[in-house]
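In what follows, a structure is listed as structure tokens, so that the remarks can point back to it.
The values are calculated or read from the model by the stated rules, or taken from the named source; none is laboratory data. Since the model is a prediction, treat every value here as computed from it, not as a measurement. Here the Cβ positions follow ideal geometry from the backbone for every residue, glycine too, while neighbour counts run over all protein chains shown. Areas reflect the complete protein model, heavy atoms only, side chains present, ligands, DNA and RNA absent. Shrake-Rupley method; radii C 1.70, N 1.55, O 1.52, S 1.80 Å.
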Amino acid sequence: RLVREFVAQNNTSQIKHVIQILSQEFALSQHPHSRKGGLIGLAACSIALGKDSGLYLKELIEPVLTCFNDADSRLRYYACEALYNIVKVARGSVLPHFNVLFDGLSKLAADPDPNVKSGSELLDRLLKDIVTESNQFDLVGFIPLLRERIYSNNQYARQFIISWILLLESVPDINLLDYLPEILDGLFQILGDNSKELRKMCEVALGEFLKEIKKNPTSVKFAEMANILVIHCQAADDLIQLTAMCWMREFIQLAGRVMLPYSSGILTAVLPCLSYDDRKKNIKEVANVCNLSLMKLVIPEDDEMDEAKQSMTLPAEPTSEESLSKPEAASSGHERNELDVTALNQPLSFPCSCERVQVTLNLDGIVQVLDCHLHDTSIGMMTRIAVLKWLYHLYIKTPRKMFRHTDSLFPILLRTLSDESDEVILKDLELLAEIASSPAGQTEEGHGPSDGSDVRPGPVELHVPARAGQLSSSSVKGLECSPSTPTMNSYFYKFMINLLKRFSSERKLLENRGPFIIRQLCLLLNAENIFHSMADILLREEDLKFASTMVHTLNTILLTSSELFQLRNQLKDLKTPESRNLFCCLYRSWCHNPVTTVSLCFLTQNYKHAYDLIQKFGDLEVTVDFLTEVDKLVQLIECPIFTYLRLQLLDVKNNPYLIKALYGLLMLLPQSSAFQLLSHRLQCVPNPELMQTTDNTKPSTSFKRTAASNIDYTELLQHFEKVQNKHLEARHQRAGRAEQLDRRGVL
């Protein structure tokens, strides 16, 4: 009644005096009953003031909010009731004081007393109605408080926060999306709460934001939220990880190349998920989409970006992404990947986030992450495959920049050949083949690959002549690194050297995967180059036992693999200078293994030389292993590969040395199944008198052999003897060392 009188008299000083007395002497009194009376009095003042209460809200609200912290739960309830009446009267006028009201309510939401909590919920609903009705809400001023309160660990306080976020998101005049980067991390924290109801509420809130992002991608600050998603994509909680991964998928697809600077962080989060089992199938599937979408963003233009074009203004990334790589001027990369990126070559139409910003690919950061995953032995097979696919894609799209990292990547790529999975090895071989054949890998003279350059042989005696138009003048210098393989780049010869080194140090790899690796390389690269270069390297191999084993493996592949059909045909006739050069190169290395040398002569139809070699076998040490190899050669002669050889047995007159060579093998063999097999074959050789014909129009086989008459077979035979003498000395040395060890053992 008193306040109404003062209002009627427009006596503001007395009104303030009444409010001050109720506040200081009652509401803030030390006596609880006085505090209750003061709260009731302040509410009564507000009711009496009516529409004018907005002029005194600061004085009315502050003492009531102070009572929110009272130890007496009944007093906290009275304070809640009083504030409800004050707000109900003032309505929209309380919005300038919204932050202090929200702060007080957030505390009451977690109050242990159910009556207080119930009263705070009524006040909360009233305040939400006011915010919804008004267009004067100060969102900018509210966001700092929301960002602070969203990290509360109390379940009820979190529920209170989420309810307000859902409300503000639903109000058309309030654009909370602009401030999403401020609260996104807190939302993902709440998503991991133990309360199912709260997790569901948070999931709904995040879902609403994602819908809004899809509707209005132009106004979204993708770059500011990228790091937040990267962190939560690695969360231990499945719901957080799946939700963050879904957001990441949408961000990559909507923002496009704006996400490129964050690629290393994204890959750190996504790659491990690709090896998840069926228990996390959903996360794995979304992660796979993220991985493929991100891969499509890398285009050939990233290899051509000039340093002057860099104008990145996006926020900082994770530590591995802090410094943007300096792109080099480069030639256009050649297309060899099945990913369709034509649409990505077009500029994005997001003026807010993407236009006016030249995005630069941070290749160093990406390669660092991929290299780290390859070194991690605990990662799953699908992750390793994805890493190798990424590296292959980068070598296709940005070859010039990628070759800066080749020397550091090469050792781990070679070690990956020992992987248990065939799929991993295939992808690894594809990548190594791309490195070995890419024009961007041609180094200048004196700047060849560091690892392995010390073991590069000197001038090679036999060269495959360069084909017309195959070499440019700019690439001639690089041939220092691969003298026998002009179609390959500087890394090809390094690859061959290191591959043979790995076979030498890991004999199980050679036994179990060696043929598989070499056959695949013959499909991916030029088979002639591979055999030519390996023969060059083995010619200088100091470990003679390994050289013999390796030659035997290569010979078996040459004679039996369908992938080498064309190379076998090339060697069969020796019609061209290239084929004769290749034969001589192979022959010199094949001399490490006598039986494989004979089989090479059979393949190339050098029957007289094969017979001469077999004559030399009488001077060799005949061991069980030697006889086993002769046995295998007899089995091979019965295979379809040597059909032409068996048919030539019909022409006894023109192939006498073939028959003599086969009889020579027969004489070497003990009475075994192989002996019986070859003996039966030779019994089928017809009587030459019965095979005489009057048809002289067909050229004889002896005429065909004149094509290879420029090969110095005497010199080749001498080389064979020289190599075998080396093997004999090495065997004697090994036997001597073994005898010494035995004696020491006895002593």
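Taking 7 Å steps out from each Cα toward its Cβ at ASP278 and GLU224 produces label points 4.4 nm apart. A simple spin-label model places pseudo-atoms 7 Å from Cα toward Cβ; at ARG4 and ASP238 they are separated by 6.4 nm. Volume of the convex hull of segment 1-85 (Cα atoms only), normalised per residue: 74 Å³.
Per-residue 3J(HN,Hα) values for segment 42-59, derived from phi via the Karplus relation 6.51 cos²θ - 1.76 cosθ + 1.60 with θ = phi - 60°, read 5, 5, 5, 4, 4, 5, 5, 5, x, 5, 7, 4, x, 6, 10, 4, 4, 5 Hz in sequence order (x marks Gly and Pro). Residue-wise HN-Hα couplings along segment 630-640, as the Karplus relation 6.51 cos²θ - 1.76 cosθ + 1.60 with θ = phi - 60° gives them from phi, are 4, 4, 5, 5, 4, 4, 5, 4, 8, 8, x Hz; Gly and Pro carry x.
Shown here for segment 207-278: trypsin sites (Lys or Arg not before Pro) in loop regions (DSSP other than H, G, I, E, B) with at most 13 other Cβ atoms within 10 Å, of which there are none. Here's the picture: charge each Lys and Arg Cβ at +1 and each Asp and Glu Cβ at -1 in segment 1-138, and of ILE15, LEU101, LEU55 the one pushed furthest to the positive end of that dipole is ILE15. Past 29 Å, Cα to Cα, is the threshold; run LYS196/LYS281; LYS494/LYS726; LYS572/LYS660; LYS214/LYS401 against it and keep the listed order. Check vs 29 Å cut-off fails for LYS214/LYS401.
Couplings 3J(HN,Hα) of segment 89-100, computed from phi: 6, 6, 6, x, 5, 7, 4, x, 9, 4, 4, 5 Hz, in residue order, whole Hz [Karplus 6.51 cos²θ - 1.76 cosθ + 1.60, θ = phi - 60°; x for Gly and Pro].
The orientation-averaged shadow of the Cα convex hull for segment 363-441, equal to a quarter of the hull surface, comes to 4.5 nm². Rounded to the nearest 20, the size of the Cβ-charge dipole of segment 363-441 about its Cα centre is 380 debye, with Lys and Arg at +1 and Asp and Glu at -1. Derived value for segment 78-138: Kirkwood hydrodynamic radius 11.6 Å. Basis is the mean of 1/r over every pair of different alpha-carbon atoms. At an R0 of 60 angstrom, the distance between the Cβ atoms of HIS680 and GLN253 translates into a FRET efficiency of 0.30.
Note on segment 136-276: percent of Cα-Cα distances in each 10 Å bin, starting at 0 and stopping at the bin with the largest distance, equals 11, 43, 35, 11, 1, 0. With a Förster radius of 41 Å applied to the beta-carbon distance between ASP72 and ASN194, the computed FRET efficiency rounds to 0.85.
Over all pairs of different C-alpha atoms, segment 73-221 has a mean inverse distance whose reciprocal, the Kirkwood radius, equals 16.0 Å.
Counting only Cβ charges, +1 for Lys and Arg and -1 for Asp and Glu, the dipole size of segment 116-217 around its Cα centre is about 360 debye. Once the 1.4 Å probe is applied to the protein heavy atoms, segment 363-441 comes out at 32 Å² accessible per residue. Largest first, the residues TYR657, TYR395 sort by 1.4 Å accessible area into TYR657, TYR395. Subtracting the Cα-Cα distance of LYS58 and GLU208 from their residue separation scaled by 0.36 nm leaves 50.5 nm. Taken along the Cα-to-beta-carbon direction at a fixed 7 Å, the label points for ASP543 and LEU717 span 3.4 nm. Place a label point 7 angstrom from the Cα of ASN135 along the Cα-to-Cβ direction, then list the residues of segment 44-63 whose backbone nitrogen is under 13 Å away. What the label zone holds, given the 13 Å backbone N cut-off, is no residue at all. Taking 0.36 nm per residue of sequence separation and removing the Cα-Cα distance, the ARG507/SER378 pair yields an extension gain of 44.0 nm.
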